[in-house]
Amino acid sequence: MTIYTVIDNTHKIITQGGSMSFWKPEDKFFLVKVFFIGFFVIALSKVFSSIPPLYDHYYIVTILTLLLKESGIAIMIASVLGYTVEEVARAKQLKEIENFSLKVGEDVLSAVFKKIVPDSIFNEIKHSVLEQTIIKRDACLTYVLSELNQDDIKKLELANEESQSYLRCELSTRHKLINLSDAPAIGHLIKNGISCDLNSNMSKHLEIHSAFIRHKLTAEELKKKTNKLENGVISFEYQTTLASQEELDICFCSTTYKKIDDTEVWTTLVPTENMSLDVTFPNGFIIDARANHSKALVKGHGNENTNRVIFDLKHGIFPHQGITFWWRKT
């Protein structure tokens, strides 16, 4: 926006125009040279003070000696102040300018948006998007649907006829988590969850069996962070700190069970750039999807001889927006 250009220019004027071109407090080597120049001037005053008073106008030498000594001390003090006090003052000034820029930007956005949308809508935009410093990028959900095999049927205690009504689902989610702020995001909570509301026996076999957050979590770490909730839900929570501008790769792999004809809704809880859905399915099924978004999904060009479809939503996505998809047996 124009306002930020103006602020940036003001910032340059303040930071560059506040000091003379000769005095360079940001140059540490320059300040060291100034310090030794002051030391040299003091040494020179000692040379003048050693001159014997053999003539009438010796007071001139005395004044010159005093002037050199005091000038040298002043130069050394100036170099030390430039290295310490002025550095702190400059940092404080830059921080105040940054805060001023953010405040002006917020006021301008508030003034513009509040003329267009009601306060309640603007407050939601501000809370969900403008105040968020953590975003996702390139989020991908992979669904592998398959018919139950004999081991699954035995484990789930299903009759052969009943087993034909269900599918096994291996799902993976991956994305980059990015801290856009200049400050670290301390105690950020990473969440993942899966559910199965078919019957209590199937719910017992839900599993988050793999997690990657900076490194692959061990089985013990995964168990400690995973909780089985009521109504067939497993929840995973992991608290971490993201450094300024850090990009964190995250991946979860899980197993659940679905109906042979079912619908799934995949949404995001934080602002996201780009979402992709990848579904593999058995023979005799059809898959379709739509975006819960102002833009439409784009279906990828895949091999028609394989049972796999890919849908892309290459746009900015607000919290609680996403993709709804469903499968049916033909």
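Could you grab me the full set of residues in the stretch 201-219 that are charged (D, E, K, R) and either within 17 Å of Gln239 (Cβ to Cβ) or assigned to a loop (DSSP other than H, G, I, E, B) (or both)?
Residues satisfying the conditions are Lys204, Arg214.
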Next item on the list: Output the residues belonging to the stretch 244-301 that are of a type in the set (Ser, Thr, Tyr) and out of contact with any His (no Cβ under 9 Å at 6 or more places or on another chain).
Entry: Ser244, Thr263, Ser276, Thr280
Note to self: I'm trying to understand the selection: among the residues of the stretch 231-250, which are of a type outside the set (Ser, Thr, Tyr), surrounded by fewer than 16 Cβ atoms within 10 Å (Cβ to Cβ) and in contact with a Lys or Arg (Cβ under 8 Å, 6 or more places away or on another chain)?
What the structure shows: Glu237, Glu247, Asp249
Note to self: Within the stretch 119-157, take every residue that is of a type in the set (Gly, Ala, Ser) and over 26 Å from the mean Cα position of the chain (by Cα) and give me the one that is farthest from Ser276 (Cα to Cα).
What the structure shows: Ser120
Check: Can you name the residue in the stretch 232-265 that is closer than 14 Å to Lys136 by Cα and not aliphatic (A, V, I, L, M) and is also farthest from the chain's Cα centre (by Cα) among such residues?
Finding: Cys251
Note to self: Among the residues in the stretch 263-284, are any loosely packed, with under 15 Cβ neighbours inside 10 Å, in contact with a helix residue (DSSP H, G or I) (Cβ under 9 Å, 6 or more places away or on another chain), in the same structural domain as Asp138 (by TED's automatic domain parsing) and farther than 23 Å from Thr324 by Cβ?
What the structure shows: no
Notebook entry, point to check: Can you pull out the residues in the stretch 32-50 that are among the hydrophobic types (A, V, I, L, M, F, W, C) and at pLDDT 70 or above?
Noted result: Val32, Val34, Phe35, Phe36, Ile37, Phe39, Phe40, Val41, Ile42, Ala43, Leu44, Val47
Notebook entry, point to check: Could we say that Leu198 is at pLDDT 90 or above, outside any helix (DSSP H, G or I) and aliphatic (A, V, I, L, M) here?
Noted result: no
Check: Quick check: anything in the stretch 279-289 under 28 Å from Ile213 (Cβ atoms) and in contact (Cβ under 8 Å) with a residue 40 or more places away in the chain?
Finding: yes
Check: What do you reckon, is His188 of a type outside the set (Gly, Ala, Ser), under 19 Å from Asp138 (Cβ atoms), part of a strand (DSSP E or B) and in the same structural domain as Asp152 (by TED's automatic domain parsing)?
Finding: yes
Check: Which condition number does Leu158 fail, the rest of (1) part of a loop (DSSP other than H, G, I, E, B); (2) loosely packed, with under 11 Cβ neighbours inside 10 Å being met?
Finding: (2)
Note to self: Checking the condition free of Cβ contacts under 8 Å to residues at least 60 places away in the same chain, among the basic types (Lys, Arg), surrounded by fewer than 17 Cβ atoms within 10 Å (Cβ to Cβ) and part of a helix (DSSP H, G or I), which residue from Lys224, Lys228 passes?
What the structure shows: Lys224
Next item on the list: Under 6 Å between Cβ atoms, at least 6 apart or on separate chains: pull out the pairs that start in the stretch 80-93 with a residue that is within 12 Å of Leu31 (Cβ to Cβ) and end on any residue that is modelled with pLDDT of 70 or more and in a helix (DSSP H, G or I).
Entry: Gly82/Leu31; Tyr83/Leu31
Margin query: Need pairs with beta-carbon distance below 7 Å; first residue closer than 19 Å to Thr256 by Cα and within the stretch 200-220, second of a type outside the set (A, V, I, L, M) and part of a helix (DSSP H, G or I); sequence gap 6+ or separate chains.
Written below: His205/Lys155
Checklist line | Leu313 vs. criteria under 28 Å from the mean Cα position of the chain (by Cα), within 28 Å of Lys228 (Cβ to Cβ) and among the aliphatic types (A, V, I, L, M) | finding: no
Next item on the list: Inspect all residues belonging to the stretch 240-255 and state whether any of them is among the polar types (S, T, N, Q), within 20 Å of Phe311 (Cα to Cα) and at pLDDT 90 or above.
Entry: no
Notebook entry, point to check: Being without any contact (Cβ under 8 Å) to a residue 60 or more places away in the chain and under 22 Å from Leu145 (Cβ atoms), is that true of even one residue in the stretch 188-198?
Noted result: yes
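The values are calculated or read from the model by the stated rules, or taken from the named source; none is laboratory data. Given the structure is predicted, the values throughout are model-derived calculations rather than measurements. Using ideal geometry, Cβ is built from the backbone for each residue, glycine included, and neighbour counts are taken over all protein chains shown.
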